[in-house]
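What follows is a set of notes on a single structure, which appears directly below.
Please treat every number below as a calculation from the coordinates, not as lab data. Just so you know, these numbers come straight off a predicted model, no measurement behind them. Ideal geometry is used to build each Cβ from the backbone, glycine not excepted, and the neighbour counts take in all protein chains shown.
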Amino acid sequence: MTPTLPSTLRQLPALLLVLTVGFTETSALGCAGFEPNDPADSRYVLTFDADQALDHPTALGVLALLNDVATTEVFLDEGLGLDSRAASRIIAHRQGPDGVDGSADDDRFDTVTELDEVGYVGEATLQALGEAAWELGYVPVLVIEGVSFSEGERDATLLLANSASLEDLDEGADLDRRAAESIINGRPYAGLQELGARPYVGPATLERMLRYADHWIDEIAAD
């Protein structure tokens, strides 16, 4: 489903997502976890240092938005009001030479520098994408062991950690058996920081749980 924006966007400060700069210790995503008290605290005006662009939550949200196959050229052009030439080039970059999402030649965006190098992508484009990433929930509210979670992803993964069966974790999420047992034995979890501290639960385990959580919830709802 194509992302849709609310009728009124909050007016955000200018986001120069040609990014990055010295963060405070509390906002640096290299820490074990990042969870701002107010999302507005994370909306910085930054100077350019592309090598560290992915360390900023808004940048991560922009990349997640553009790498989502539900984000279409029409949405970028008409929904967000981007320059149509920028919109078409962004989608063409993501889809790769065959022009199809989900194929072997896809070229997903890894950094904001990569995005900035796409034709007709400038400051106005980056600002619009930053606003959309916040409004649509793509900006991570939490980073554990280098794995980024939006609000919905955080809640879904926490529900999975607290409620899924050993079989769901071992076979459905394809976790290491030791990690699955460790998760079961450590319940209940008040937050993902506690989950990430469990033995055998590292970035690979968290990534698999993140990817499996929505599917598991859909299965539970269908029963």
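HN-Hα J couplings of the range 81-97 from phi, Karplus 6.51/-1.76/1.60, θ = phi - 60°, integer Hz, Gly and Pro as x?
x, 5, 3, 4, 5, 5, 4, 5, 6, 4, 5, 4, 4, 4, 6, x, x
Amide H of I144 versus every other amide H placed in the peptide plane: which residues, excluding those fewer than 5 positions away on the same chain, fall under 5 Å?
F149
Enumerate the residues in the range 66-93 having an amide nitrogen under 19 Å from the point lying 7 Å beyond the Cα of V100 toward its Cβ.
68-73, 91-93
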